Amino acid sequence: MAVVRTARSTPPWALIIFVVLWVLSTTVAVLLYLHVGKSQRAVITESRKLHEIILPSEMQSPMIQTMLANANGHHSVVGMLLSGIDALESQMIGHVSKQPIPELTSISGPAAQALHQAHLSEKSLVAAVTELTARVQSQQAQITHLGSRLKGQRASFATAQTTFNDNIETISQKLKSAHAEITKLRTQLAAANGNLASQATVFQQQISAGQQKSVQDLETQVVKNQQLLQNLASLKLIVADLRKQLAGFKAPSEGAGAILSQAQGKIIAVGPGENQVYINMGRAEKVPIGLTFAVYNPQLGVGSGISGGGKGSIVVTHVGQFASVCRINHVHAGQSIFTGDLISNPVFQKKGRQFHFYVYGDFAVNGNNVATAQGRLEIVRLIKKWGGIIDHHLTSQTDFLVLGAQPASPTLTGAAAALPQNQALIAARQAEQSKYNQLESEAQRLSVPILNANRFLAMIGYYNPPLLHR
């Protein structure tokens, strides 16, 4: 019996493959979707975290955008920052800890406090790190510069130390040489001291031997000197007596009367201007401008008139070769000046020897009748100007003693006179009076003419004020 084999049916491989591929594609799509969603969520999360520590303007930085683009479950932005922190840790401490160092990651840690102290807390972490890096680089540059300077200073110090060592060696050699010289000098000094001691002994013996003879010679010389002094005193007395005798035997033309009665010239014309006259003396007689003359009546002669001052006074204003112009300085009441009148000034001499004057006391020359020491200086100045000689001491060679006003007597009595300052004033006045009286006595002894202030000023024609109308 024939058996009919039924056809065997084949599995639907195409369907199975399709189903499998569909399942795989669906699974892949789901996984891809999940992965993309997770990545987007990671990016969003990382972006939010970055907004907390990075300024909005820094979010546009290419580096930040690259980090966000690469962010995923294994390489988040924070993860990459932590990796950077790990690298920083490795550079700082030489190894990487399993966990990030809290001091670097904590917002309130020492790193954050350090940024605050550096006035960088207002900036983002990136900006802060950038600025700190710039500061570190600046400090490193300064350290490098200081290092080079230190190197140069060390080189200079080494050179100076070498020089110092050389100088020390030189000084040491000089000190050794000086020490040797000092030792030599000490030896020489000791020898010299020994020689001096021996010589001193010899000299002392010689002095002792000659001392007695010297004392005897000295005593003899003292006796001789005393005898010479006595002889000298006797000779001085003889000379003083002879001088006194000589003063009394002066020739008539040189005696006091002759000197005071001599006329130097005369008035040759009066006018034409008022108070103007002409005299017969000029540059040939060395007449100086400002010289004053007393004017005398030719019949009465020089020395006549009030205080021996004649009828008036003139002063030279212009000097010619042989004649001079004078201004009438003063005319006594009831008098007039005429052509032919004689003129004289005992200080001024046309020719012959100069007269010697000794001036003492105070003089009134300012027209206020107040005698002062300044007035005496004015009288001395005029005598020198007109050719006279000022003696510093009264001697027999002095021609005139000119005495100023009589020194005033002290008027203080009682308690006022007992004051120290007043006692000094009284002593000074008494000393002036004593010298005044001594000068009068000495002049009389030496036969020296005495002219008081009024007579002297009148005879030289000195009046103040300088111009009085006739």
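A few points about this structure:
- Sequence-distant residues sharing a close amide H with Thr372 (under 5 Å, placed H): Phe363, Ala364, Val365
- Arranged from fewest to most other beta-carbon atoms within 10 Å of their beta carbon, Asp341, Asp217, Asp362 become Asp217, Asp362, Asp341.
- Phi to ³J(HN,Hα) by Karplus 6.51 cos²θ - 1.76 cosθ + 1.60 over region 321-327, Hz, x for Gly, Pro: 5, 10, 8, 9, 9, 10, 9
- For region 275-352: Kirkwood Rh in Å [reciprocal of mean 1/r, alpha carbons]: 12.6 Å
- Dividing the radius of gyration of the alpha carbons in region 256-459 by their Kirkwood radius gives 1.05 for Rg/Rh.
- For Lys266, residues with placed amide H under 5 Å, excluding near neighbours: Asn280, Ile343
- Exceeding the 32 Å Cα-Cα cut-off - candidates Lys311/Lys385; Lys236/Lys350; Lys311/Lys350: Lys236/Lys350
- Gyration tensor verdict on region 298-339 (Cα atoms; rounded if a/c is under 1.5, prolate if a/b is larger than b/c, oblate otherwise): prolate
- Shown is the FRET efficiency for Leu229 and Ser172, computed with R0 = 56 Å from the Cβ-Cβ distance and rounded to the nearest 0.05: 0.20.
- Sorted on the mean count of surrounding Cβ atoms within 10 Å across their residues, most packed first, peptides 182-189, 312-319 read 312-319, 182-189.
- The ranking of Tyr436, Tyr463 by Cβ neighbour count inside 10 Å, starting from the fewest, reads Tyr436, Tyr463.
- Here the Karplus relation 6.51 cos²θ - 1.76 cosθ + 1.60, evaluated at θ = phi - 60°, turns the backbone of region 424-431 into coupling constants of 5, 5, 5, 5, 5, 5, 5, 5 Hz, with x for every Gly and Pro.
- Taking amide H positions as modeled 1.01 Å from N, with prolines and chain starts lacking one, no residue 5 or more places away or on another chain lies under 5 Å from Val448.
Any read-out appearing in this document is the output of simple, stated calculations on the displayed coordinates, not a laboratory observation. Just so we're clear, the structure is a prediction, and the values are computed from it rather than from any experiment. Cβ sites come from the backbone with ideal geometry, for glycine too, and all protein chains shown count toward neighbours.
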